[in-house]
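The values are calculated or read from the model by the stated rules, or taken from the named source; none is laboratory data. Remember, it's a predicted structure, so these values are computed and weren't measured experimentally. Every residue, glycine among them, receives a Cβ derived from its backbone with ideal geometry; neighbour counts consider all protein chains shown. These area figures cover heavy atoms from the full protein model, side chains too; ligands, DNA and RNA do not enter into them. Shrake-Rupley method; radii C 1.70, N 1.55, O 1.52, S 1.80 Å.
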Amino acid sequence: ESARAFRDSGMRAAIGLALFDFDDPQRRREEQRTAERVLAGFDVSTTDGRPPRVFPIVAPHSPYTCSPELLTWAADLAQTHSLVYHTHLSETEQEVRDLRAHRGSTPFAWLETLGILEKTGEKTIAAHGIWIEEPELELAARRRMTVVHNPASNMKLASGAFPYAAYRDHGVPLMLAPDGVASNNNLDMFDEMRLAALLQKHHFRDATLLPAEEILSIAGGGRSNVFSDFGIAGELREGSPADLVIVGLTHPQINPVHRIESNLVYAANGSVVDTVICDGEILMRSGEIPEEDEVIREARRCASALVERARR
């Protein structure tokens, strides 16, 4: 249903079924069967020969919710189908403590010990990556895995501050993301850029950390090639998919324009976007999306129905 919704919207999406087994062998088998069924039914065919806008990834949730067997099985699945391997690593200090006590290892090192990073390498995405040690930074750089910063989520859950400068200095590929609605709410990437830049400056007491140009590049995909197999590789250039937004420079939120990079990161929010284009197709023009009112009404109806079912 998620894939269908993204296809209907025209947006681009990498979709992975979050896998959990909590060291339960029966649940692990159920998760494996479900993942295989979802993957088998995922249509990635296109009529024009270009990469599909909506495509699958393999997404075991984390080392603290997945057994070593499930984590390893997922890596084999990703390697077999040449898919991205997405997981959550080192989000909280407690998570790292617990894994060290239970497995004798830290999260990044645990994937390496299991042989997972050797299989998935630069097709690996690790969300959060806050509580990381020097050997793991060197490991992440060597494996060319992509680490994703989620500032709003990390702040809302009091998880800690992302060590951006350490990742930068080690040359680790980086991305920016809002995480899910439960730990963020607004999913506004402009807001995410602003929070990322401000959090670094505040936490590490260095006003020069993560300048506007750098966070713009990270947010725009210019610091990771993890999705290159699907035609999405770094910054926009000739031959890459035409995915872009047009910003209205007359919008009150962004005026006056003295330095566009600073305006986009520190002054703007999603309301400044005038037009959205994905793969050359215009999805929003002049701030309007076809049938937007109907979509919002149906979303409200579905949300109310879910809440009502949960009360029973």
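Would it be correct to say that Arg223 is basic (Lys, Arg) and in a loop (DSSP other than H, G, I, E, B)? Criteria met by Arg223. Scanning segment 168-183 for residues that are closer than 17 Å to Gly221 by Cβ, outside any loop (DSSP other than H, G, I, E, B) and either of a type outside the set (A, V, I, L, M, F, W, C) or touching a His at 6+ places or on another chain (Cβ under 6 Å) (or both) returns Arg168, Leu176.
Restrict the check to segment 113-129 and report whether at least one residue is within 20 Å of the chain's Cα centre (by Cα) and open to solvent by 20 Å² or more (accessible area, probe 1.4 Å). Spell out the reasoning first.
So the first thing to find is which residues in segment 113-129 are within 20 Å of the chain's Cα centre (by Cα), and the list is 116-117, 120-129.
Retained after the next criterion (residues that are open to solvent by 20 Å² or more (accessible area, probe 1.4 Å)): 122-123.
Checked against the condition, which is being within 20 Å of the chain's Cα centre (by Cα) and open to solvent by 20 Å² or more (accessible area, probe 1.4 Å), segment 113-129 yields at least one hit.
Taking segment 213-230 as the region of interest, how many residues are closer than 15 Å to Lys123 by Cα and crowded, with 17+ Cβ neighbours inside 10 Å? Talk me through it step by step, then tell me what you get.
First, pick out the residues of segment 213-230 that are closer than 15 Å to Lys123 by Cα: 221, 223-230.
Those still in the list that are crowded, with 17+ Cβ neighbours inside 10 Å too: 221, 223-224, 226-227, 230.
So the answer is 6.
Counting only residues that are within 16 Å of Val247 (Cα to Cα) and either open to solvent by less than 80 Å² (accessible area, probe 1.4 Å) or not acidic (Asp, Glu) (or both), how many does segment 269-312 have?
Going through segment 269-312, the residues within 16 Å of Val247 (Cα to Cα) turn out to be 269-278, 282-289.
Subsequent filtering for residues that are either open to solvent by less than 80 Å² (accessible area, probe 1.4 Å) or not acidic (Asp, Glu) (or both) retains 269-278, 282-287, 289.
Total meeting the criteria: 17.
Test Ala78 against the stated conditions and say whether it is of a type outside the set (Phe, Trp, Tyr), open to solvent by less than 50 Å² (accessible area, probe 1.4 Å) and part of a helix (DSSP H, G or I). Yes.
Looking across segment 185-241, the residues that are among the hydroxyl-bearing types (Ser, Thr, Tyr) and either at positive phi or over 17 Å from the mean Cα position of the chain (by Cα) (or both) come down to Thr208, Ser240. Can you find even one residue in segment 61-71 that is open to solvent by less than 50 Å² (accessible area, probe 1.4 Å), out of contact with any Lys or Arg (no Cβ under 8 Å at 6 or more places or on another chain) and modelled with pLDDT under 95? Taking every residue of segment 61-71 in turn, none turns out to be open to solvent by less than 50 Å² (accessible area, probe 1.4 Å), out of contact with any Lys or Arg (no Cβ under 8 Å at 6 or more places or on another chain) and modelled with pLDDT under 95. Scanning segment 239-268 for residues that are assigned to a loop (DSSP other than H, G, I, E, B), open to solvent by less than 50 Å² (accessible area, probe 1.4 Å) and closer than 23 Å to Lys201 by Cα returns a single hit, Ala268.
Of a type in the set (A, V, I, L, M, F, W, C), under 28 Å from Gly10 (Cα atoms), in contact (Cβ under 8 Å) with a residue 40 or more places away in the chain and open to solvent by 20 Å² or more (accessible area, probe 1.4 Å): is that true of Leu83 in this structure?
On the way: of a type in the set (A, V, I, L, M, F, W, C): yes; under 28 Å from Gly10 (Cα atoms): yes; in contact (Cβ under 8 Å) with a residue 40 or more places away in the chain: yes; open to solvent by 20 Å² or more (accessible area, probe 1.4 Å): no.
Criteria not met by Leu83.
On the basis of being touching an Asp or Glu at 6+ places or on another chain (Cβ under 8 Å) and at pLDDT below 95, does Arg4 make the cut? So Arg4 does not fit the description; no. Taking segment 34-50, which residues are open to solvent by less than 70 Å² (accessible area, probe 1.4 Å), out of contact with any strand residue (DSSP E or B) (no Cβ under 8 Å at 6 or more places or on another chain) and part of a helix (DSSP H, G or I)? Within segment 34-50, just Thr34 meets the criteria. Taking the options Leu210, Leu236, name whichever one is out of contact with any helix residue (DSSP H, G or I) (no Cβ under 7 Å at 6 or more places or on another chain) and either surrounded by fewer than 18 Cβ atoms within 10 Å (Cβ to Cβ) or outside any helix (DSSP H, G or I) (or both). Every option except Leu236 fails the conditions.
Note on segment 184-207: residues that are within 27 Å of Ser271 (Cβ to Cβ) and in a helix (DSSP H, G or I) total 14. Quick one: is Leu210 in contact with a Lys or Arg (Cβ under 8 Å, 6 or more places away or on another chain), farther than 18 Å from Leu89 by Cβ and among the hydrophobic types (A, V, I, L, M, F, W, C)? Yes: the conditions hold for Leu210.
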